[in-house]
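Below: one structure, written as structure tokens.
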Amino acid sequence: MNRMRRGAEQDLLSRGLSRRKMLVGAAGLAGTTVAQNVAADSLADVPARGPGASLSATSARSGFVHLERQPESTPGLRHVDPSEAINSKTPLDRLVGTITPADLHYERSHAGVPDIDPGKHRLLVHGMVTKELVFTMDEILAMPSLSRIAFLECTGNGWENWKKAPPDVTVQNTHGLISTNEWTGVPLSFIIDLVGVDRRSTWMLAEGGDGSAVARSIPLTDEIIAEGMLAYGQNGEPLRPAHGYPLRLFLPGFEGNLNIKWLRRLKFGDRPWMTRWETARYTQLQADGTARQFQLKQGVNSVITKPSGMMQIRPGYNRISGLAWSGYGRIVRVEVSTDGAATWRDAHIGQPVLPKSQTSFQMDWEWNGRSTKIVSRSTDDKGNAQPNRAAFIAMTGTNALFHYNAQQTWGVSEDGAVRNVLS
């Protein structure tokens, strides 16, 4: 019996060592480099242990962690007074993982953030329906709910690079109008069934309760009906006021301005309402002078967040990391070039890879100390590939402002300075 037990233990030990060898082998260059750089310090160098702070009602970040959004008024104009800002950008270069803390989720508003009492808030659902209804928040909170992780992106994300490449910007400046959260709420399909939307209805008007009364016409596609939700939760807590408290519309993969905050009305009909937001505001002026309306999906995109704009690196081992996403589905491939798009290598995609959610990627890089350019490109499961800047501008021109998803290039000079450049 003892011999059998020893044999089983030896087998388990052998399998454990084999797995360890496999994991060490998978670490490759990164593992070797880290091991060489580890200092053999002792616990004597660690600060003495002692009593810590008392428990509190909420947990604050460490005093050693400094994270904040950056307000912006117009493309390229930074360091503005928050009272003059129209948006506030997420610090992508200083976050870890793919979920954005609620207080760092990017903010975009047209008339400030309203202070809404959920006890007085109402949602009117009317138009081409069998029963026109008005819901209280208590009634909405009592309905069946679901949660999903997905990104939300402003149509203006990337607008700094439309016409030129300002060198002194960070990735927070260029790509900070995107955030990924776990959203919780009532399926849109449940509301549609509850009021009995007429089969002839092909459009839905969503209106917010802010001072500018943002209202958008939204096509009732199968995708929107199946995936849309009336969200009241964000990362396990009620929505923050800046993000729509107490209720917002959430449409995964669709441009941010369709995801109406402070939702107060849904109206169903058989044609778009042509509000000022889709005639004078969220339209795209094309290269030939025509204007494009209802460009609703966010395209496939990616950006290297480390190293990125205004960072400093040294020759030798560097780990390239970043984020990729697509409003059409799941990211299946991310490629990185460290020689200005002359050659490309597949990056490692982190798990989990969720549809319409930001996905992390990484790649090892030995920098030889010469000036170069680094750039990423992504592909989704629908075959959509992120275009380079030349192809994007040839198709769209430089008169537009929204839906910029061209490849982002960072230039690296011989002194290790990383700056924003055009490819």
Near pairs, Cβ below 7 angstrom, 6+ apart or cross-chain, from the stretch 332-343 (in contact (Cβ under 8 Å) with a residue 40 or more places away in the chain) to any residue that is open to solvent by less than 60 Å² (accessible area, probe 1.4 Å) and among the acidic types (Asp, Glu)
VAL332/ASP380
SER83 open to solvent by 20 Å² or more (accessible area, probe 1.4 Å), over 16 Å from the mean Cα position of the chain (by Cα), modelled with pLDDT under 95 and within 30 Å of VAL421 (Cα to Cα):
no
If you go through the stretch 198-251, how many residues are under 18 Å from GLN295 (Cα atoms), part of a strand (DSSP E or B) and over 19 Å from the mean Cα position of the chain (by Cα)?
9
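Test SER179 against the criterion of being surrounded by fewer than 21 Cβ atoms within 10 Å (Cβ to Cβ) and not acidic (Asp, Glu), and give yes or no.
Numbers: surrounded by fewer than 21 Cβ atoms within 10 Å (Cβ to Cβ): no; not acidic (Asp, Glu): yes.
So SER179 does not fit the description; no.
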Residue hits (the stretch 150-166; open to solvent by 10 Å² or more (accessible area, probe 1.4 Å) and at pLDDT 95 or above) are CYS154
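Could you list, in sequence order, all residues of the stretch 86-111 that are in a loop (DSSP other than H, G, I, E, B) and modelled with pLDDT of 90 or more?
Filtering the stretch 86-111 down to residues in a loop (DSSP other than H, G, I, E, B) leaves 86, 90-91, 95-101, 105-106, 109-111.
Result: THR90, PRO91, LEU95, VAL96, GLY97, THR98, ILE99, THR100, PRO101, HIS105, TYR106.
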Of all residues in the stretch 97-134, which are of a type in the set (S, T, N, Q) and either over 21 Å from ILE192 (Cβ atoms) or in contact with a strand residue (DSSP E or B) (Cβ under 7 Å, 6 or more places away or on another chain) (or both)?
THR98, THR100, SER109
Return only the number of the condition from (1) assigned to a loop (DSSP other than H, G, I, E, B); (2) at pLDDT below 95; (3) not hydroxyl-bearing (Ser, Thr, Tyr) that ILE116 does not satisfy.
(2)
Could you tell me which residue of the stretch 363-395 is farthest from VAL418 (Cα to Cα), considering only residues that are part of a strand (DSSP E or B) and either open to solvent by 70 Å² or more (accessible area, probe 1.4 Å) or charged (D, E, K, R) (or both)?
ASP380
Confirm whether LEU55 is closer than 30 Å to ASP270 by Cβ and of a type in the set (A, V, I, L, M).
no
Looking only at the stretch 220-264, count every residue that is within 19 Å of HIS110 (Cβ to Cβ) and open to solvent by 50 Å² or more (accessible area, probe 1.4 Å) and tell me the total.
4
Restricting to the stretch 273-315, give me the number of residues that are in contact with a Gly (Cβ under 9 Å, 6 or more places away or on another chain), open to solvent by 40 Å² or more (accessible area, probe 1.4 Å) and assigned to a strand (DSSP E or B).
3
Residues satisfying the stated conditions in the stretch 124-166, i.e. of a type in the set (A, V, I, L, M, F, W, C) and in a helix (DSSP H, G or I)
MET137, ILE140, LEU141, TRP159
Would you confirm whether any residue within the stretch 335-344 is closer than 25 Å to ALA165 by Cα, open to solvent by 20 Å² or more (accessible area, probe 1.4 Å) and of a type in the set (S, T, N, Q)?
yes
Being on the phi < 0 side of the Ramachandran plot, open to solvent by 70 Å² or more (accessible area, probe 1.4 Å), in contact with a strand residue (DSSP E or B) (Cβ under 8 Å, 6 or more places away or on another chain) and assigned to a loop (DSSP other than H, G, I, E, B) narrows it down to one residue among ASN405, ASN399; which is it?
ASN399
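The values are calculated or read from the model by the stated rules, or taken from the named source; none is laboratory data. Please read these numbers as outputs of a predicted model, since none were measured by experiment. Positions of Cβ are backbone-derived with ideal geometry, glycine not excepted, and every protein chain shown enters the neighbour counts. With ligands, DNA and RNA removed, areas are computed over all heavy atoms of the protein, side chains included. Shrake-Rupley method; radii C 1.70, N 1.55, O 1.52, S 1.80 Å.
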